[in-house]
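Remarks on the structure that follows.
Just so you know, all these numbers are worked out from the coordinates, no wet-lab data involved. All of these numbers come straight from a predicted model, not from anything done at the bench. Because the Cβ atoms are built from the backbone with ideal geometry, glycine has one as well, and the counts that use them run over all protein chains shown.
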Amino acid sequence: MATHLPRLAEWELYLGQGAGDRPVTLSLRDDSPHIAVSAGSGAGKSVLAEPVAVQVLARGGRVVILDRKGSHSWALGLAGVDYCAKPAQMHDALVRLTVSPMSETPWLCTRRKTGTADPACWSSARS
């Protein structure tokens, strides 16, 4: 992944290698500023989510993880991550997204001016 990131535009995410060993990317500008993944159990949703989140964080963005099963404990306590495992935490995090100012780059919704985690969200998720 590290070899591909410097070649990407700010709005592109590296997803992996495809046919012919070509990089597969997602454009948050050309495709959509949002990412939703729906698949059955064991299809790789969590495997895909981690590198996407890491790329957003590496670029100074913010990530909200709604993790009812606790699959993303790697994100607990990371700056820029709202980690929510309980329904009330998920609700509060989503409400905060609707009232918080977004970045100066409107097509990249995950970026905000502040990169601090919300301890109220992720700290109670551990208990």
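Among residues of the range 70-84 that are touching a residue at least 40 places away in the same chain (Cβ under 8 Å), those with a beta-carbon under 8 Å from a residue that is part of a loop (DSSP other than H, G, I, E, B) and surrounded by 23 or more Cβ atoms within 10 Å (Cβ to Cβ) at least six positions away or on a different chain give the pairs Val81/Arg62; Asp82/Arg62. Sub-8 Å Cβ pairs linking a first residue in the range 49-64 that is under 15 Å from Ala9 (Cβ atoms) to a second residue that is aliphatic (A, V, I, L, M) and in a helix (DSSP H, G or I), at least 6 apart or interchain, are Gln55/Leu5; Ala58/Leu5, ordered by first then second residue.
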